[in-house]
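Here the structure is laid out as structure tokens; the discussion comes afterwards.
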Amino acid sequence: MKVLVCSTPLLGHLNPMLPLSWGLRAEGHEVLVSTDEGFAPRVLERGLPVAALSPVALQEVMARDRGGRPVPHTPEADRVWRSGHGWGRLGARHLAETAALMRRWRPDLVVTDPVEFAGPLAAARLGIPWIEHGWGIRPSPEFALAAEEELEPEIEQFGLRGLPRATRILDTCSPTLQRPGASGDPMRHIPVTGPAELPGWLDEPRRRPLVCLTFGSLLPSLAPDRLRALTSWLMHTLPALGVEVVVGIDPAHAEALRPVPPGVLSVGWQPLDHVVPRCAVLVHYGASGTTMAAVAAGVPQVVLTIPIADAPDNARRIEAAGLGIVLPGLDLAAEQVVAACRALLTEPSWKARAAGVAAEQIGRPTPGEVAAEFTTAFG
């Protein structure tokens with residue numbers, strides 16, 4: 001069987017699909033990933049072949065409409081709608097190449113992330129079954145509604161009545177955390193952050209709890225000064241709680257945080273799938289991959305609510321599920337973060353709640369088991 005995995009060019013969108021992709025390879029199937037040319041090296045690093053599509057700058061399709069006009073920054077309530085239109089424009093840019101790839105390579109099955117729209121349209125046009133692979137908490141339906149509005153010309157051209165429905169939806173989220181009303185076939189979430197050299201300190205005996213601050217690469221580029229000031233302050237104050245601190249951040253922004261004060265183990269990229277299970281608290285901004293890594297490991301979370309894509313929705317679900325403390329973004333007193341970490345460290349109920357939600361993943365089919373079932377269903 002040939003399986004085409006269509007991914008938008010972000011690690012948070014690709015990484016959740018890797019365990020199933022590797023499982024399909026282990027079943028003996030051909031797996032090919034299609035994505036933006038600029039993102040292709042990230043796929044190759046993760047051991048999968050890639051079909052590179054013409055490069056498109058994400059900032060361009062998110063910030064400008066098809067005519068090149070700037071898209072106004074809208075109120076928080078319209079954040080998802082604006083982002084959905086951007087994903088729709090990216091799908092439109094890659095649609096012709098994706099359809100041509102499918103005609104040429106002739107996949108038996110297409111797997112896409114929830115906001116990749118070229119794959120579903122091309123698959124529907126060619127009569128190929130396609131699977132929507134969830135990345136954790138199901139995105140708001142408004143993402144797809146906005147993309148459908150943006151893609152009206154392509155939908156009409158293909159003779160469709162709207163965005164096609166997936167043959168199946170894979171749900172990797174623990175039920176307590178999942179968006180109400182979301183449904184799909186359950187699959188266990190396996191955290192993956194990609195190739196990394198494990199640091200020597202990782203498996204040394206810990207005499208103090210470990211707190212991880214992780215802000216990736218996107219957030220530092222959007223608010224570099226505020227984030228640098230907040231992170232630096234936390235690096236100097238959190239160790240007073242009797243903890244050790246590790247900071248996961250783009251190396252390009254890590255230099256500004258040096259020299260590292262006592263009590264801070266590391267600043268820079270971190271192999272979060274290995275680091276998070278060793279943590280007592282995780283501080284982040286609600287990105288889906290980071291959220292799910294904490295959930296899978298049963299680690300309480302402090303979430304700084306930032307109006308980026310689905311991050312605020314994730315923060316609300318974390319709060320509703322009792323998995324952590326949500327704070328109002330970067331315009332907050334850093335003492336609030338310290339107080340939230342202290343609460344999660346000293347009150348055992350937080351850890352117990354997180355462990356209970358993590359246990360909901362036990363018994364779900366593994367990606368390998370789902371891959372084997374796909375062999376029967378589609379192979």
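Of all the options Trp105, Trp22, Trp201, the one that moves most in a Gaussian network model of the chain with Cα springs shorter than 10 angstrom is Trp201. For the chain, the longest principal axis of the Cα atoms and the long axis of helix 288-297 meet at an angle of about 60 degrees.
Taking Cα atoms only, the orientation of helix 367-378 departs from the longest principal axis of the chain by about 10 degrees.
Residues whose amide H lies under 5 Å from that of Val33, counting only those 5 or more places away or on a different chain, are Val5, Val50, Ala51; hydrogens are built 1.01 Å from N in the peptide plane. Relative to the longest principal axis of the Cα atoms of the chain, the long axis of helix 334-346 makes an angle of roughly 90 degrees. For the chain, a Gaussian network of Cα nodes joined below 10 Å ranks Ala311, Ala339, Ala280 by mean-square fluctuation, and the top entry is Ala339.
Each value in this text was obtained by applying a stated rule to the coordinates, not by laboratory testing. Remember, it's a predicted structure, so these values are computed and weren't measured experimentally.
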